[in-house]
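Every read-out reported here was derived from the displayed coordinates using simple, explicitly stated rules and does not represent laboratory data. Note that this is a predicted model, so its numbers are computed, not measured. Cβ: placed from backbone, ideal geometry, glycine included. Neighbour counts: every protein chain shown.
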2 protein chains.
Amino acid sequence: MKIAQVAPLWERVPPPTYGGIELVVSRLTDELVRRGHEVTLFASGDSQTLARLEAVYPRAMRLDQEIQDYSVYEMLELSQVYEQAAEFDIIHSHIGMAALAIAPLVKTPTIHTLHGSFSSDNSKLYHLHQKQPYISISNAQRQLNLNYLRTVYNGIDLENYTLLATPQEPPYLAFLGRLSPEKGPQHAIAIAKQNGWRLKMAGKINISERQFFEREIAPQIDSKQIEYLGEVNHLEKVELLGNAALTLFPINWPEPFGLVMIESMATGTPVIGMNNGSVPEVISHGKTGFVCQSYEEMAAMIPEALELNRSYCREYVKNKFSVTQMVDGYEAAYQQLLQSRIALNGHLYSPKVSF
Amino acid sequence: MKIAQVAPLWERVPPPTYGGIELVVSRLTDELVRRGHEVTLFASGDSQTLARLEAVYPRAMRLDQEIQDYSVYEMLELSQVYEQAAEFDIIHSHIGMAALAIAPLVKTPTIHTLHGSFSSDNSKLYHLHQKQPYISISNAQRQLNLNYLRTVYNGIDLENYTLLATPQEPPYLAFLGRLSPEKGPQHAIAIAKQNGWRLKMAGKINISERQFFEREIAPQIDSKQIEYLGEVNHLEKVELLGNAALTLFPINWPEPFGLVMIESMATGTPVIGMNNGSVPEVISHGKTGFVCQSYEEMAAMIPEALELNRSYCREYVKNKFSVTQMVDGYEAAYQQLLQSRIALNGHLYSPKVSF
């Protein structure tokens, strides 16, 4: 199958440190290539992939000071993808609403994975385009009535996550994620401080969230009880999560997936999360962690969570959140979509028109 | 001819007070209808037009506090336009770069009027789409190498601008425009104060420019020598400009057109402008005003400008910047484009494809 994968340009694929969507796109793309598909990855020019890479800009845009208007580059990317739409059987967009207006204008079908959440503004656009084919990354994410082909959970490659059977001594709690208010690093700190636990935190700080970090987080980092490791690369991440006694996932927004939870469980470390978004679908409550209703409950569950079986946490991820399962899900969705299109139009490709 | 006019949604068409692009779109649209074309205007739902109106949002978005993300509504509008592209002979976009990626995907040609200026970001997108058909609104605006069909100057309806043969006593200078740094209201104030002139200013204050206004402009308004009238409607505008001895146009950016200059000249009031962007194309230097190299020179030219022939100013606008001439220019551009498409493809419409 000829497949276009359209990634955000903000971060490279795969991301050098943290970056959820780009990691998923990387795993999906490379596995599709391994399975024999002809894949073109549209992503930042510094991306690393088994697929053919097409880039409108040489580097990840996140930290490029020259960029004033990200939307321009997204439109450049969309131009690049859709002007060669007839070359693909399927276009798979990971960039969200920006692809909605353009996708229905070519005969090659576009499948949209919803990686984000809905706002009162973007809901209007999704509603208008509700008949386009969507993939949800959790059932919790389905807050609008759209044409969902299926839920495909994000998957990770277990080989990249070592099981660490016993946590490091002295024990600590881990927090990994962007240091933004909705990810809840401030609550992780409060839980640790109130219960005499050490906390190690890692994750990136977006420019727009620098003020939050300086005001709410930085003053609490004493590099003894509360540590901030900055952005970490993959190996450091596995070490941070795997050596932890427990990982905290104290989000206060309806996070549609939460890759950190499965990464933590893959290393054997149970997760205590807030009951928001996908959390109850991702954590097996009482087996691989706890789904809590309040920050107090999160703190209260720590002793019980320490007793959970770390090997089981890893098995659980292997059975439910592996790259294999994710790519199986996407391949099935592609097939399903193409079959329905063939039934409708009798052909896949549009003839080329020159302007 | 079946024509879609695609207006920005920020302001209604025509704008109740100030608003350059929307005023041009209004005049163009209504005149095309009068000439027998079948025109659909895509614009905010409170727009007033002789054409058929299609709207994705009931009001102008400029002051709507509920709107967090303008780009969503622009995409809604583009979805609405392009899903019915086959209904039109020509799509005429006034919304800038947002239409570039989508326009080449349908057989109906889109013509883009460039109302803004180029940035280092959006230049890349225009460059990629340089073969699409563009209209420049001044020759000065042609800073990128694009497929310009022609320059069509903005035009106004002379009937709506009364010639005021003698300025009001005591005399004053006029400034009309958004109160933003690049429009130069601060320089208008300085010129007036340093030379003992009264100055009457009017124009809107965008939310993002409120701070500039409060810091640089508000403290200088004494309502005697320096007056700010707020936003003015059309009649108030004609009165403000027509009763003025002179209008100042102290811009410090390459404004691609500058409607205020022709509105002022239409009422008989000469304009002293800075040599930026279209200013030397719009002011007839020494006849309808002066094109200056510095703010000092602007001030120095006041006595000479007071001697200019006010009736001639109006005649000049009538001969060069009327709605009639503007619509003649656009009709010619539409014809030119359709002829070239027919030559290339042999037909205009694409068959409908159902998905």
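Just a few scattered comments:
- If R0 equals 35 Å, the separation of the Cβ atoms of A:H127 and A:A300 corresponds to a calculated FRET efficiency of about 0.30.
- Of A:K2/B:K124; A:K124/B:K2; A:K2/B:K2, pairs whose Cα-Cα distance is over 30 Å: A:K2/B:K2
- Of the GluC sites (Glu not before Pro) found in region B:287-319, those in coil by DSSP whose Cβ has at most 10 other Cβ atoms within 10 Å are B:E307.
- Flagged links, alpha-carbon separation over 18 Å, of B:K200/B:K287; B:K183/B:K224; B:K204/B:K320; A:K200/A:K320; A:K287/A:K320: B:K200/B:K287; B:K183/B:K224; B:K204/B:K320; A:K200/A:K320
- Cut-off under 5 Å, modelled amide H: who pairs with A:L41 long-range: A:Q5, A:R52, A:L53, A:E54
- Ranking A:G196, A:A218, A:G184 by how far each Cα lies toward the positive end of the dipole of region A:174-225 (charges on Cβ) leaves A:G196 at the top.
- Using a Förster distance of 25 Å, the FRET efficiency for A:E236-A:K318 (Cβ separation, nearest 0.05): 0.65
- Label spacing, shortest first and in nm, from A:Q335 to its equivalents in the remaining copies (7 angstrom along Cα→Cβ): 5.9
- Cleavage-rule hits, trypsin sites (Lys or Arg not before Pro), region B:71-156, DSSP coil, Cβ neighbours within 10 Å at most 16: B:K107, B:K131, B:R142
- The charge dipole of chain B, taken about the Cα centre with unit charges on the Cβ atoms of Lys, Arg (+1) and Asp, Glu (-1), comes to about 620 debye, rounded to the nearest 20.
- Antiparallel beta bridges, as assigned by DSSP with both residues in the protein assembly as shown, represent about 0 percent of the total such bridges.
- Calculated FRET efficiency, A:R215 to A:T17, Cβ-Cβ distance, R0 = 25 Å: about 0.60 to the nearest 0.05.
- Sequence-distant lysines (8 or more away, or on other chains) whose Cα lies within less than 21 Å of B:K131: A:K352, B:K107
- When chain A is treated as a GNM with alpha-carbon contacts under 10 Å, the residue of A:P303, A:P256, A:P58 showing the greatest mean-square fluctuation is A:P303.
- Most mobile listed residue (A:R178, A:R27, A:R341) in chain A, GNM with C-alpha springs under 10 Å: A:R341
- Sorted into 20 angstrom bins from 0, the C-alpha pair distances of the protein assembly as shown split as 16, 40, 30, 13, 1 percent.
- Taking the label point 7 Å along Cα→Cβ, A:A300 and its counterparts in the other copies are spaced 8.2 nm apart, in ascending order.
- Listed residues A:H187, A:H112, A:H127, most fluctuating in chain A (Gaussian network, C-alpha, under 10 Å): A:H127
- In this assembly of identical copies, the label point of A:Q84 (Cα plus 7 Å along Cα-to-Cβ) is separated from its counterparts by 3.5 nm, sorted shortest first.
- Here the ratio of the Cα radius of gyration of region B:1-63 to 2.2 N^0.38 Å is 1.01.
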